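Input: a single structure, listed below in C-alpha cells.
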Amino acid sequence: MTTRPRTAGHRAVLVLGALAILASACTGPQAKEPPKPGDGAAVCGNTQRGPARPPDNAVVVDPDIAGKLTTATQDNPAGTTFWLAPGTHILGDGEYDQVAPKDGNTYLAAPGAILDGRETNRYAFTGKAADVTITHLTVRNFVPPVNEGVVNHDSGARWTLEHNTFRDNSGAALMAGDKQVMRGNCFKNNGQYGLNACCGDITDLVLERNEFVGNNTDDVEAANPGCGCTGAMKFWAIDGADIIGNWIHDNRGPGIWADTNNNDFLIERNLIERNDGAAIIYETSYNAVIRDNLLRRNAWVTGREFAANSDNFPVATIYISESGGEPRVPARTDRIEIARNTLENNWSGITLWENADRFCNSAANTSTGACTLLVDSVERCARPGIAKPPLYDDCRWKTQRVEIHHNRFVLDPEVVGCRVLCARMAVLANFGTFPDWSPYEGDVVREAITHEQDNRWHDNDYRGPWTFLAFDTNTTITFTQWRAAPYQQDVGSSFAPVSE
C-alpha cells in the first residue's frame, strides 16, 4: 500500500497532540504503584466467605447426613454444582471413604462449612475428573501417607481451588494436576507439604496470593533422612508454573522447592520469610525467572545446624543446584534470571552449586531413574558415548546461564545471630570422584561452573560483612577479589561492610 508523505502541517498537529497527551498525563491521576511482595496473601483466618445461600440449581449438601457429599456426587451428573451448607461435613468411618468428582463439578462452601476427615479418612477428593472447582471450603484432619495428597489426590486436570483453607492434614494438603489454578488459599500446619506437584504431564500451574504457614509439622525429613521431601511446597517435573504474590512463612524446611526436571518457572513478588530452610531451591531443573521477591530471615535453623557441625558448605537463601538456562528446552526465558529481589537478614545469599558426581546414570543422582531433558534414556549416559559430545554435555544437569542482577543483599550479624559461616555468596562444585567411569572426575566441573558456564553477578547492592566463595568451599575471597580476575563478578555493584 502507498502512503502520502506527511506535510509540515501534519507534523505540527502531531506535535500539538503529543503535548496535549503529555499535559493530561502530568495533571491526571497518578499511576498505581505495583503490588508489594505478598500483598493480599494474608488469608489464613481471613479467606473470602462463600455464598450464604445456594445458587440456583445447586444441590444442597446437608452436614447432618454422614457421607452425603459422596452420595450426592455419585447420584448427580457431571457438571453439577454442590453447595455445602454451614457445619461440619464427614465422609464416613472407612479409611477410603472419599469424594470422586465428575468432570466439571463445582463445590461451593457456605460460610462455616468444613470437611473433616477426623483423622480417619485418607483422602477428601480423588479421581481423574477434569475441570473441577472447589471454593471457600475448609478441609482438615485427613491422613494420607507420606508423599500423597488430600485434595485432587490423583492430579486431575484443570482444577480451580480458590479461597479454601487446607489445614492440619497429614501428607500433602493438595496435589496438582495439569493447568491447575490455586488462588487465595490458606495452607496451614499440614504434616508434610501444603502443595505437592508431582510427576507426569503437568504444565502451566498458577499459584497466586496464597498463604503457606507452619507446614511440615511431622518433620518428615527427620524420619526419612535425605528424602528431600519437606517444606511448604514441592515440585517435580512441572513444565511451567507462575508462583506470584504468595506469603510463604514459618514453615519447617524450605519455602519453594523445585526438584528434578522442572522448567519455565516464574517466581515473582512473593514474601518468603522465617522458613527453617532456604527460601527457594531450584534443583536439577531448567529456565526460571526469580524477581521482585522479598526474602527475609530464612535458613536460620539450617545455617546454625551447619555451623554447629563445622560444615562449611554455603547454606543459601536462594539455592541453585545443578540447574540452569537451556535454550533447547522451550520456555519464556533461556536463562535463570534472579533480579530485583531484596534479601534481608537471611543466613546467607545465593549459592550456585553443581555436584560433579551427580549426572544421568550415576548412582550419586538422588533423582533415581531420571535423566536430563536432553537425553531420552538413562542407558545412553554410559561409556563410551558419555565421554564425548553431545552426551558429555547433555548427560549433566548444568548450573549455567544464571544471571544475578539488581538485587539488594542486607545482612546484620547481630540480627541474624551469626558469627561464622554466614553472609556468603557462592559459585562452586566438588572434586569429581564417582563413579569410576565418570568423565567428570577431578576439577572439570569446578572449572566449568566458576569460569565457563556464563554464571554472572552484576549491578547488585551489598550491605553487611559479605564474603564470597568460588570454585570450592575452601576458597573464600573478598568483594575486591571477587570483582577482579579470574572471577570478574559483580560489575557495577556496590558494597558497604556495614548494613544500613
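The values are calculated or read from the model by the stated rules, or taken from the named source; none is laboratory data. Since the model is a prediction, treat every value here as computed from it, not as a measurement. Backbone-built Cβ (ideal geometry, glycine too); neighbour counts: all protein chains shown.
Can you find even one residue in segment 196-205 that is in contact with a Lys or Arg (Cβ under 6 Å, 6 or more places away or on another chain), crowded, with 20+ Cβ neighbours inside 10 Å and either aromatic (F, W, Y) or at pLDDT 95 or above (or both)?
yes
For segment 450-500, name all the residues that are over 17 Å from S348 (Cα atoms), surrounded by fewer than 17 Cβ atoms within 10 Å (Cβ to Cβ), over 27 Å from the mean Cα position of the chain (by Cα) and not polar (S, T, N, Q).
Answer for segment 450-500, where residues must be over 17 Å from S348 (Cα atoms), surrounded by fewer than 17 Cβ atoms within 10 Å (Cβ to Cβ), over 27 Å from the mean Cα position of the chain (by Cα) and not polar (S, T, N, Q): H451, E452, A484, A485, P486, V491, G492.
Does at least one position in segment 161-169 carry a residue that is modelled with pLDDT of 95 or more, outside any loop (DSSP other than H, G, I, E, B), aromatic (F, W, Y) and closer than 23 Å to W247 by Cβ?
yes
From the list P29, P35, which one is surrounded by fewer than 11 Cβ atoms within 10 Å (Cβ to Cβ), modelled with pLDDT under 95 and in a loop (DSSP other than H, G, I, E, B)?
Being surrounded by fewer than 11 Cβ atoms within 10 Å (Cβ to Cβ), modelled with pLDDT under 95 and in a loop (DSSP other than H, G, I, E, B) holds for just one of P29, P35, which is P29.
Can you tell me which residue within segment 107-143, out of those that are on the phi > 0 side of the Ramachandran plot and among the small types (G, A, S), is nearest to the chain's Cα centre (by Cα)? Write out each step before concluding.
Our first condition is that a residue be on the phi > 0 side of the Ramachandran plot; within segment 107-143, this holds for 112, 118-119, 127, 131, 136, 141.
Cutting the leftovers down to among the small types (G, A, S) gives us 112, 127.
Details: G112: 31, G127: 25 Å.
By that ranking, first place goes to G127.
Working carefully through the options N261, N251, find the one that is out of contact with any helix residue (DSSP H, G or I) (no Cβ under 8 Å at 6 or more places or on another chain), surrounded by fewer than 24 Cβ atoms within 10 Å (Cβ to Cβ), modelled with pLDDT of 95 or more and of a type in the set (S, T, N, Q).
On inspection, the qualifying residue turns out to be N261.
What is the one condition in (1) without any contact (Cβ under 8 Å) to a residue 40 or more places away in the chain; (2) surrounded by fewer than 21 Cβ atoms within 10 Å (Cβ to Cβ) that C229 does not satisfy?
(1)
If we scan segment 226-236, do we find a residue that is closer than 17 Å to V181 by Cβ and either of a type in the set (K, R) or in a strand (DSSP E or B) (or both)?
Looking for residues that are closer than 17 Å to V181 by Cβ and either of a type in the set (K, R) or in a strand (DSSP E or B) (or both), one finds at least one in segment 226-236, hence yes.
Out of the residues in segment 172-190 meeting the condition of being assigned to a loop (DSSP other than H, G, I, E, B) and out of contact with any Gly (no Cβ under 6 Å at 6 or more places or on another chain), tell me which one is surrounded by the fewest Cβ atoms within 10 Å (Cβ to Cβ).
The residue in question is K179.
Name, by its number, the condition in (1) crowded, with 18+ Cβ neighbours inside 10 Å; (2) among the aliphatic types (A, V, I, L, M); (3) assigned to a loop (DSSP other than H, G, I, E, B) that does not hold for V289.
Failed condition: (3).
With out of contact with any Gly (no Cβ under 9 Å at 6 or more places or on another chain), crowded, with 23+ Cβ neighbours inside 10 Å and within 17 Å of G277 (Cα to Cα) as the only criterion, which of F212, F235 stands out?
Numbers: F212 fails: out of contact with any Gly (no Cβ under 9 Å at 6 or more places or on another chain).
Exactly one residue qualifies, and that residue is F235.
Among D394, D443, which is the only one that is crowded, with 18+ Cβ neighbours inside 10 Å, of a type in the set (D, E, K, R) and within 25 Å of F359 (Cα to Cα)?
D394
Name the residue, out of A308, A331, that is surrounded by fewer than 18 Cβ atoms within 10 Å (Cβ to Cβ) and farther than 26 Å from D461 by Cα.
A308
Which members of segment 271-286 meet the condition of being crowded, with 19+ Cβ neighbours inside 10 Å and either in contact with a helix residue (DSSP H, G or I) (Cβ under 9 Å, 6 or more places away or on another chain) or in a strand (DSSP E or B) (or both)?
Of all residues in segment 271-286, those crowded, with 19+ Cβ neighbours inside 10 Å come to 271-273, 275-286.
Listed by number, the residues that qualify are L271, I272, E273, N275, D276, G277, A278, I280, I281, Y282, E283, Y286.
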